[in-house]
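First comes the structure, then the notes that go with it.
The values are calculated or read from the model by the stated rules, or taken from the named source; none is laboratory data. All values reported here derive from a predicted model rather than from experimental measurement. Neighbour counts are summed over all protein chains in view; Cβ atoms, including those assigned to glycine, are modelled from backbone coordinates with ideal geometry. The protein model used for the area step is the full one, side chains on, heavy atoms only, and it has no ligands, DNA or RNA in it. Shrake-Rupley method; radii C 1.70, N 1.55, O 1.52, S 1.80 Å.
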Amino acid sequence: MQRTLESFVRALRASDIRVSPAETIDAHRAAEAVGYGDRELFRDALVTTLAKTASETARFDELFDTFFSREEFLQGPPDAEDKAMADALDDGEGGGEPDLAHMLLEHDGAALAQAMEAAGERAGAANIRLSSQRRLLTRRLLDEMGLGGLERRIAEAGKREDGAKLAERLGKAREDLFAEAGRYVERQHELYAAESGRKLREDVLAQQKLTAIDEHELATMQRLVRRMAKRLASKYSRQVRRAKRGQLDVRRTIRKSAGNDGVPFDLIWKSKHIDRPSIAVMCDVSGSVAQAAHFLLLFLYSLNEVVERLDAFAFSNRLVAVGDILNDEAISDAIASVIKRIGMRSTDYGLALEDFCALELAKIDRRTTVIILGDGRTNYVNPRLDLMRSISERARAVIWLNPEPESLWARGDSEMERYRRFCNVAKSCNSLAELERIIEDVLRTYMPR
């Protein structure tokens with residue numbers, strides 16, 4: 001049973017449930033304590049030691065049912081004809097291979113299931129990673145079960161005058177065996193490879209252009225954004241003060257020791273304050289970049305654990321504050337409604353910067369990072385570079401994310417080359433992977449060196 005539990009832990013890890021070696025040892029001890037006779041008690045013992053959150057518990061229950069269910073070879077007892085055929089078979093032919101013919105004719109489901117489990121282990125079915133491996137592993141599994149011996153039985157029976165019925169019956173049993181082996185390998189794929197396939201699809205989506213995301217991929221992209229944001233939040237949501245071991249704060253240590261006749265029982269180390277970011281974001285939600293704005297806002301609002309203040313604004317021509325809308329409604333629905341209400345119009349960056357300065361400039365200080373998402377195309381109106389200069393002089397940093405490649409920044413009505421003079425960072429950003437890297441760079445600047 002130890003090997004079975006180790007395989008189950010592998011399946012949990014493959015499904016993104018973190019299980020440490022210590023937790024694995026605890027699971028073995030819990031299984032030994034409760035035994036394996038009561039399925040529900042066994043499940044409760046394992047879930048108590050291995051799952052740590054509500055979402056992990058839900059995934060655990062699904063995996064437990066899949067891993068410990070055995071639906072292969074659920075068939076009734078053999079009829080008299082099959083029993084007679086099994087008794088009439090010659091034993092000892094097959095070169096030591098498992099005698100599948102007897103097990104199939106006798107409908108010995110338990111023996112067949114055990115043989116398939118053992119053959120699956122020898123064939124490495126649990127090492128499946130891609131759906132394209134299913135046929136190959138199914139064939140290997142059947143070979144390990146002794147398919148060669150079964151096919152020789154069928155061939156020999158077909159050569160005899162009285163063996164036609166036996167050959168037909170074994171041929172039908174072979175087809176059923178193929179189906180059962182396919183289901184077994186499919187279950188291994190679901191246990192060990194379904195999550196890796198999902199991660200592969202998400203990796204591809206993370207590199208895909210934000211402006212080219214299909215509607216049916218939006219839900220997957222939103223889950224991916226939240227997972228990225230959660231990873232960054234976990235990394236950067238530290239305590240606001242961090243002890244610097246090795247640097248003694250002499251003044252505070254002496255003051256603390258005054259109550260102990262000057263004996264420094266408690267040493268106090270120097271600490272450094274860690275600022276939480278304040279972010280003001282301007283998003284162009286005109287038709288050309290609305291999709292990218294959707295994911296940037298979703299990303300930033302998923303970082304509420306590590307962002308002290310987030311003021312969000314959206315514009316096509318006139319700029320409006322959208323923070324209240326995004327706070328009051330479900331974030332994905334709110335972003336879509338914002339884009340529907342004020343997006344898809346011709347862009348006027350000069351007018352948007354005027355509105356931004358009127359609403360936000362007084363709040364911007366050396367702790368505020370200003371993020372602008374847009375293509376910088378002004379439709380040949382005044383770009384108001386003077387307002388960009390004012391923002392740059394007050395802010396900690398100005399970051400401009402442009403979904404267009406840099407080769408287009410100086411063409412047509414684009415004013416990016418003029419705007420970038422007032423930006424600390426101006427980058428082409430048209431995928432989730434690039435967006436994650438840039439947001440992490442912003443968070444990193446607030447951490448102590």
Open item on the list: Of the residues E440, E406, E417, E393, only one is touching a Leu at 6+ places or on another chain (Cβ under 8 Å) and surrounded by fewer than 16 Cβ atoms within 10 Å (Cβ to Cβ); which?
Closed with: E440
- [ ] Output the residues belonging to segment 335-364 that are touching a residue at least 60 places away in the same chain (Cβ under 8 Å) and in a loop (DSSP other than H, G, I, E, B).
- [x] S346, T347, I364
Open item on the list: Cβ contacts < 7 Å: first residue under 18 Å from I128 (Cβ atoms) and of a type in the set (A, V, I, L, M), restricted to segment 166-193; second residue open to solvent by 70 Å² or more (accessible area, probe 1.4 Å) and outside any helix (DSSP H, G or I), any location; separation 6+ or different chain. Result?
Closed with: A193/R129; A193/L130
TODO: Among what's in segment 308-322 and is in contact with a Leu (Cβ under 7 Å, 6 or more places away or on another chain) and not in a strand (DSSP E or B), pick the residue that is modelled with the lowest pLDDT.
DONE: N317
Task: Residue among L136, L147, L130 that alone is closer than 30 Å to V9 by Cβ and at pLDDT 85 or above - done: L136
- [ ] For L130, indicate whether it is surrounded by 20 or more Cβ atoms within 10 Å (Cβ to Cβ) and either out of contact with any His (no Cβ under 8 Å at 6 or more places or on another chain) or β-branched (V, I, T) (or both).
- [x] no
TODO: Of the conditions (1) under 18 Å from T445 (Cβ atoms); (2) free of Cβ contacts under 8 Å to residues at least 60 places away in the same chain; (3) touching a strand residue (DSSP E or B) at 6+ places or on another chain (Cβ under 7 Å), R420 clears all except one; give me its number.
DONE: (1)
TODO: Return the pairs, sorted by first residue and then second, in which the second residue is in a loop (DSSP other than H, G, I, E, B) and among the charged types (D, E, K, R), the first residue lies in segment 403-414 and is within 20 Å of I371 (Cα to Cα), the beta carbons are less than 6 Å apart, and the residues are 6+ apart or on different chains.
DONE: E404/D375
